[in-house]
1. I'd like to know if the range 250-265 contains one or more residues that are closer than 30 Å to residue 175 by Cα and under 23 Å from the mean Cα position of the chain (by Cα).
2. Of everything in the range 151-189, what is under 20 Å from residue 7 (Cα atoms) and within 16 Å of the ligand (Cβ to nearest atom)? Give them in sequence order.
3. Name the pairs whose Cβ atoms lie under 8 Å apart, with the first residue in the range 50-66 and over 13 Å from residue 84 (Cα atoms), the second surrounded by fewer than 16 Cβ atoms within 10 Å (Cβ to Cβ) and of a type in the set (A, V, I, L, M), and 6 or more positions between them or separate chains?
4. Working only within the range 50-70, note down all residues that are in a loop (DSSP other than H, G, I, E, B) and out of contact with any Asp or Glu (no Cβ under 7 Å at 6 or more places or on another chain).
5. Please verify whether residue 13 is within 14 Å of the ligand (Cβ to nearest atom), farther than 19 Å from residue 180 by Cα and modelled with pLDDT of 95 or more, treating the condition exactly as stated.
6. When you scan the range 29-75, how many residues do you find that are more than 13 Å from the ligand (Cβ to nearest atom), of a type in the set (A, V, I, L, M, F, W, C) and touching a Pro at 6+ places or on another chain (Cβ under 9 Å)?
Amino acid sequence: MQTDEGIVVDGVRRSFGPVHAVADASFTARPGRVTALIGPNGAGKTTLMLMLATLLAPDAGTIRIAGADPLVDPAAVRARMGWMPDVLGSWAALTTRATLELTGRLYRLPKPRAAARAQELIELVGLQPLADQPTRVLSRGQKQRLSLARALVHDPGVLLLDEPASGLDPAARVELRVLVRRLAGEGRTLLVSSHVLADLEEMADDAVYLQSGATVAAERVAAVRERARLWRVRATDDAALEAALGSRPGVQRDHLGVLVPVLDEHAAADLLADLVGRGVRITAFAPAAGEFERTFLTLTEEQHA
Ligand SMILES: Nc1ncnc2c1ncn2[C@@H]1O[C@H](COP(=O)(O)OP(=O)(O)OP(=O)(O)O)[C@@H](O)[C@H]1O
């Protein structure tokens, strides 16, 4: 990994008085990829994002954003990085268009370019009907779209998105996912935090887990991922399914069907073939939880054990 690309964080710490909001964060987010930042409430995600965005100084450790150090050269970082905060502070009386034009001017775009860029971004995030309305009339989800547009004004190579899907309806979530993938496909580095792990699962390539301010070591994440996971199985005839599963260890039941521990995808394929071979008519067969959710929950259980 070259340090002039993506995001490189090493041994970063930041406390607020006695609270160690970020105790030890080290990770790399690579260009062309979407990296999920996952952690429970209060784990330090926003504090970490603020440090990456040059808005908060770390007490220790090093950060590089597209090769620039936020402490030494915050202007270079801001030129290369777009930040979508979890809550958008907007100028209530300005229109959507004027907000984006002004943001462009703040990034020193010439006036005609700022106007053209505002129009491009309004179209990109689907805010055409509200382009000339004051931002105070925007709903929460519409403000999220404006916030994303604002982060993109200067065409940055690195994007930090803090809870980008919050307040978005299902259709807008799908659009966000498509847009995020497109931005990564253009070679940008994206770091995305969200509590909605199913959303992250569908947009992210890599994951960084944060627990009590510390990033979880890759070896520990790998160890969790190697354990058996539960697969959900449904059939047209419950009794036939139960009989075919026999005394298989660890089988559980919930309101949606039967959950079977399976070591890996080969074992899942074997199980499916076995059930079908025994004449069970299977209607659903899939992992019960996404990879991020399962890893997150297991890490949390281990921490509290
Ligand atoms: N300015 C501050 N002053 C004092 N404590 C703070 C400050 N900012 C954050 N904290 C504390 O640091 C810890 C991490 O907070 P942070 O907002 O970074 O977590 P988070 O992972 O973003 O949480 P959430 O998922 O709930 O948004 C929390 O215990 C929080 O109370």
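The values are calculated or read from the model by the stated rules, or taken from the named source; none is laboratory data. Since the structure is predicted, the reported quantities are computational estimates derived from the model, not experimental observations. Cβ: placed from backbone, ideal geometry, glycine included. Neighbour counts: every protein chain shown.
1. no
2. Those that are under 20 Å from residue 7 (Cα atoms) and within 16 Å of the ligand (Cβ to nearest atom): 160, 161, 162, 163, 164.
3. 51/57; 57/71; 58/71; 63/71
4. Correct list: 53, 54, 55, 56, 57, 58, 59, 69, 70.
5. Considered against the rule, which asks whether it is within 14 Å of the ligand (Cβ to nearest atom), farther than 19 Å from residue 180 by Cα and modelled with pLDDT of 95 or more, residue 13 comes out as yes.
6. 4
Residue by residue, here is whether (1) aliphatic (A, V, I, L, M); (2) under 30 Å from residue 7 (Cα atoms); (3) not in a loop (DSSP other than H, G, I, E, B) holds:
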position	(1), (2), (3)
210	yes, yes, yes
240	yes, no, yes
266	no, no, yes
299	yes, yes, yes
